[in-house]
Amino acid sequence: MREEPQIQIPDPARPESSRFNFALVLAAAAVVVIVAAIYFSPGRQSPPGAAPQQAHFTFGAAEQAYAVSVHIENIALSRAENFIHQEVTTLTADLVNAGSRSLRGVEITITFSDDMNQIALRESRAVVIAPNPPLAAGERRPFDIAFEHIPTSWNMREPVVRVTGLEFAQ
C-alpha cells in the first residue's frame, strides 16, 4: 500500500492569538517600567508612608522659649550610593532635651549653603513623631536624615541645623 503525502494547513487563528499574547505581555511590562520609574524618580524625597516626617509643629512663644533647651549635637555627614545608584548624603546627629518638659514632636530645619553663603537647600523634617515615644526631659536620642538631591552648588560645609517646631507631651 502506498501512503499519500499529507499536507497540514496551519490554523489561521493560532498566530493571531500568539501575537495578542505577546502584545499583552509587552503592555504589562511597559506599565511595570512606568510605575517603577515614577516610584524611583529622582525628585522623590521620601518613601511612601513617611508622611509623618513632613509634619509641621507649632512654634509659638512658649515653643520658641523652650527651643533653647533643645540641642542638636554630634552632627556628622556621610555619603553613599543607594540601590538605584544615586548618591545619598546622610546627616546623623543627637537630639538632646536639656529642658524640664517631655516633647512629643520636634521638627528641625537643615540649611545647606553655597560658596556665596546663600541657601542652596533648606528642608524641614520631623525627628520626633508619634507613634515613637516622647523625648523625655534630659534624654538624648540619635537621628539621621537622608538627602538624595543636594544641589552641586553646596559648599560642602556642615549645614545649619536648628529647631523650628515643637509639640509638648501631656
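How many residues, within the stretch 125-142, are part of a strand (DSSP E or B), of a type outside the set (Lys, Arg) and surrounded by 16 or more Cβ atoms within 10 Å (Cβ to Cβ)?
4
Which residue pairs have Cβ atoms closer than 9 Å, lie 6 or more positions apart in sequence or on different chains, and pair a first residue in the stretch 124-143 that is under 21 Å from residue 110 (Cα atoms) and of a type in the set (S, T, N, Q) with a second residue that is modelled with pLDDT under 95 and exposed (fewer than 13 other Cβ atoms within 10 Å of the Cβ)?
That search, which allows pairs on different chains as well, returns 124/56.
Would you point out which residue out of 71, 85, 56 is at pLDDT 65 or above and on the phi > 0 side of the Ramachandran plot? Let's see the steps before the verdict.
Values: 71 fails: on the phi > 0 side of the Ramachandran plot; 56 fails: on the phi > 0 side of the Ramachandran plot.
Being at pLDDT 65 or above and on the phi > 0 side of the Ramachandran plot holds for just one of 71, 85, 56, which is 85.
For residue 34, are the conditions met, namely being modelled with pLDDT of 95 or more and either assigned by TED's automatic domain parsing to the domain that holds residue 163 or loosely packed, with under 14 Cβ neighbours inside 10 Å (or both)?
no
For the stretch 101-118, which positions are within 19 Å of residue 165 (Cβ to Cβ) and surrounded by fewer than 19 Cβ atoms within 10 Å (Cβ to Cβ)?
101, 102, 104, 109, 111
The values are calculated or read from the model by the stated rules, or taken from the named source; none is laboratory data. Everything numeric in this text was worked out from a predicted model, so none of it was measured. Because the Cβ atoms are built from the backbone with ideal geometry, glycine has one as well, and the counts that use them run over all protein chains shown.
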